[in-house]
Amino acid sequence: MKRSFIRIVGGLIALLSLFAALNFSTTPAKAETTYQIATDSTFPPFEFANSHNKYVGIDIDLLHAIAKDQGFKVNIKPTSFNAAVQSVQSGQMDGVIAGMSITKEREATFDFSKAYFMSGVVMAAKPNGKVTSLKQLRGKRVAVKTGTSGAQYAQSIHKKYGFKIVTFDESNDMYQDVLTGNSAATFEDSPVMKYAIRQGTKLKIYTKPALSGPYGFAVKKGHNQKLLRMFNNGLADLKANGEYARITRHYLGAKGSSDTTSDRTFLGLIKQNKGALLSGFEQTVWLTIVAIFFATLFGVIVGLLGVVPSKFCNGISTTLIYIFRGLPLLVLALFIYTGIPSLTGQKIPAFIAGIITLMFNEGAYIAAFVKGGINAVDDGQMEAARSLGLPFGKAMRRVILPQGIRIMIPSFINQFIITLKDTSILSIIGIIELTQTGKIIIARNLEGFKVWAIVAIIYLIVITLLTWLSNWVQRRVRL
Amino acid sequence: MNEKIKVKVTNLIKNFGDNQVLKGINLEVHDNEVVVVIGPSGSGKSTFLRNLNRLEAPTSGSIVIDDTDIADPKTDINKVRENIGMVFQHFNLFSNLSVSENIMLAPVELGKATKEEAAKQAKELLARVGLESKYDATVQSLSGGQQQRVAIARALAMNPNVMLFDEPTSALDPEMVGDVLGVMKQLATQGMTMIVVTHEMGFAKEVADRVVFVDDGNIQEQGTPDEIFNHPKDPRLQNFLDKVLNV
Ligand SMILES: Nc1ncnc2c1ncn2[C@@H]1O[C@H](COP(=O)(O)OP(=O)(O)O)[C@@H](O)[C@H]1O
Ligand SMILES: [Mg+2]
């Protein structure tokens, strides 16, 4: 029985290392002519996943057409707007196209292409509502999306009009905040707002485009100048040959791409997004499994360092636990993904950055209860073992750990479930796991409530399965 | 008892922080000798025993066992401990292992015996302490007296030539004390060198070659059982005996 348990664990470890090897090696290698381009995952009509879970939009189509025209390749990586901008700054990505306004501030750190689109900020609010102009915003809340020109516009006039700014990371959350009445209005780029309204968002545009802003493709200042030149040349070609007009009309013309006619019931939504949900779910499960494996490894090692008879090792253990338990997961994820590469110049794929984040954070919790579990074993057990002549390591392995592990098992199960839930935070660095998949689907169809309900149920199902599995293992180990 | 010196303790001092618990103990124990240590609680008896196999490190002084100085950094303390069996007040049987596994663990792990040899030896030792039927039992299913007898068997499995007992019967219900003392008497008869901390004065009178009275971190008086119990000189010893014998 004990042997078969070991075999199962051994098999699992082999499987994981195989997967890890596969996964890490399939991260695209940068060929001569393939550029890594970051984009926002949810900014229709410029970039969004269509119902076949394929990325489309004005930015995406333009970029592909320009690449074809100029003879280079692109690998477009959707992530959040902030992460996209930061990943170019840190050198993780070669360029960013994300409905990004060309501003003086940004020109300090980016080189922009010629403007490929002219946008402007409009105010949208509930139709027939009380707010129809900027003047009526006094004392109310205005929803904006972090880092957008809408946010910048709000910042520039909020004193004058006396409103309070609330910021969101996702357009849909911002619209919802207005629809539920928490916020009185939202400031959004006009094409984005128009597209959302066409998709069925029950908001109305009340102002003329202000702060009319050019959108540009950006590279890190002083880097990838050839890419920038090719973009400009390609853009000129597309404008000349009518391809540019065709693309913008496709998304903004009277008959824009719209799926408001599709089935919006729960079953309909699940059916349409089966592929996306499944791959998000798979990503979540793999993240969880690989993260648990490495977090357990890290946690057990750090936990053991905390109980060996060496003040130096104990100190290292305590410090590591203190640091990684103290840091918010979100901060740690952003630090590892964008902070470290900008220091070392070494790119880290998001999946690996995610695993490292979870390994440290969850591992610190595991280390704490490994240490606690071992300390909870009666001192007399160690003394009896040592008095027989058993060295510390043997006494630990044969007597203390088997008893400590029994004490730790409930904490392990708990930590596994927490890890599963924490993978959702990694959506911030652009890993398209289940939560990020939900955000992307909602960006397209704006069915926030139903899609989040579906995502929540999927999490609950996985957690239930994981709990059953853990209980089964626990029963077997108890014996 | 012969003249070979098995354990030689010279000027042993042990401090816990500012608290000096052992204040310069000198003691020689001969081969095959049974020394019983008595004294009030808190006087340092356990600390003394635990220094002998270095579960506590002496602050100063020397401890030589079988001509090996255990304070010498070159000494492999694990090797020394193989020859010193220890029995604890609270038994300390390994609760994750069965009775036989408790006895077999050290000989097998330390390469003293194969699994088969160790199993055979475990059977013999269990028979010796009257528990042959408990070979496969879990520790939790045993009474205190049975656990302590298994603990003695476990210590004997390493074939030690000195045995330390720290109040082996203090945690037992009275009706179980006899069984454990019986096993210890049998060991003494077979010539084991033993240092026994106990409050069982009957055992001391009957089995001890020498009785040592410890109080306040020092040996205050020592002698044959007759000298200690029938002609105590030290007033503190007289006082102590008054208390333990006239309850
Ligand atoms: N690990 C320790 N740390 C600090 N003080 C201790 C430790 N072990 C024992 N002592 C102290 O040493 C003194 C003697 O204890 P002990 O040797 O257990 O006495 P006895 O066994 O004679 O009852 C007591 O005052 C006790 O509090
Ligand atoms: Mg004691």
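Brief remarks follow.
- Segment B:66-93, subset within 16 Å of ligand 1 (Cβ to nearest atom) and part of a loop (DSSP other than H, G, I, E, B), residue nearest to the chain's Cα centre (by Cα): B:88
- In segment B:155-165, of all residues being assigned to a loop (DSSP other than H, G, I, E, B) and under 11 Å from residue B:83 (Cβ atoms), the one that is farthest from ligand 2 (Cβ to nearest atom) corresponds to B:159.
- When residue B:148 is tested against (1) closer than 21 Å to residue A:387 by Cα; (2) within 16 Å of ligand 2 (Cβ to nearest atom); (3) not in a helix (DSSP H, G or I), exactly one condition is not met: (3).
- Output for segment B:1-39, where each listed residue is of a type outside the set (S, T, N, Q), near ligand 1 (Cβ under 8 Å from one of its atoms) and open to solvent by 40 Å² or more (accessible area, probe 1.4 Å): B:16, B:17
- Among the residues of segment B:85-109, the ones that are at the interface with chain A (Cβ under 8 Å from one of its Cβ atoms) and out of contact with any helix residue (DSSP H, G or I) (no Cβ under 7 Å at 6 or more places or on another chain) come to 1 in all.
- Against the test of being over 30 Å from residue B:98 (Cβ atoms), assigned by the TED database to the domain that holds residue A:305 and in contact (Cβ under 8 Å) with a residue 12 or more places away in the chain, the options A:403, A:415 yield a single qualifying residue, A:415.
- Taking segment A:94-185 as the region of interest, the helices (runs of 4 or more DSSP H) fully inside it that hold 2 or more residues being buried (at least 16 other Cβ atoms within 10 Å of the Cβ) and in contact (Cβ under 8 Å) with a residue 24 or more places away in the chain are A:149-161, A:171-179.
- The set of residues from segment B:19-45 being among the charged types (D, E, K, R) and without any contact (Cβ under 8 Å) to a residue 60 or more places away in the chain comprises just one member, B:28.
- In segment B:166-181, residue nearest to ligand 2 (Cβ to nearest atom) [restricted to those that are buried (at least 19 other Cβ atoms within 10 Å of the Cβ) and part of a loop (DSSP other than H, G, I, E, B)]: B:167
- Residue in segment A:458-475 that is among the aromatic types (Phe, Trp, Tyr) and more than 32 Å from the chain's Cα centre (by Cα) present: yes
- Positions within segment A:366-376 being in contact with a Ser or Thr (Cβ under 9 Å, 6 or more places away or on another chain) and within 14 Å of another protein chain (Cβ to nearest Cβ), in sequence order: A:373
- For segment B:63-83, a residue qualifies if it is aliphatic (A, V, I, L, M), in contact with a helix residue (DSSP H, G or I) (Cβ under 7 Å, 6 or more places away or on another chain) and within 14 Å of chain A (Cβ to nearest Cβ), and the qualifying residues are B:65, B:70.
- First in segment A:325-354 and modelled with pLDDT of 90 or more, second anywhere and of a type in the set (Asp, Glu), Cβ under 6 Å, 6 or more apart: A:329/A:422
- Residue ranges of strands (runs of 3 or more DSSP E) in segment B:186-226 with at least 3 members within 14 Å of the chain's Cα centre (by Cα) and not aliphatic (A, V, I, L, M): none
- Number of positions in segment A:378-414 that are open to solvent by less than 10 Å² (accessible area, probe 1.4 Å) and away from every other protein chain (no Cβ under 12 Å): 1
- Residue tally, condition more than 14 Å from chain A (Cβ to nearest Cβ) and within 16 Å of ligand 2 (Cβ to nearest atom), over segment B:194-203: 5
- Residue count for segment B:6-62 satisfying the condition of being within 14 Å of chain A (Cβ to nearest Cβ), within 16 Å of ligand 2 (Cβ to nearest atom) and not β-branched (Val, Ile, Thr): 8.
- Output for segment B:44-65, where each listed residue is more than 16 Å from ligand 1 (Cβ to nearest atom) and surrounded by fewer than 17 Cβ atoms within 10 Å (Cβ to Cβ): B:60, B:62
The values are calculated or read from the model by the stated rules, or taken from the named source; none is laboratory data. Keep in mind the model is a prediction, meaning the values are calculated, not measured. Cβ atoms come from the backbone with ideal geometry, glycine included; neighbour counts cover every protein chain shown. With ligands, DNA and RNA removed, areas are computed over all heavy atoms of the protein, side chains included. Shrake-Rupley method; radii C 1.70, N 1.55, O 1.52, S 1.80 Å.
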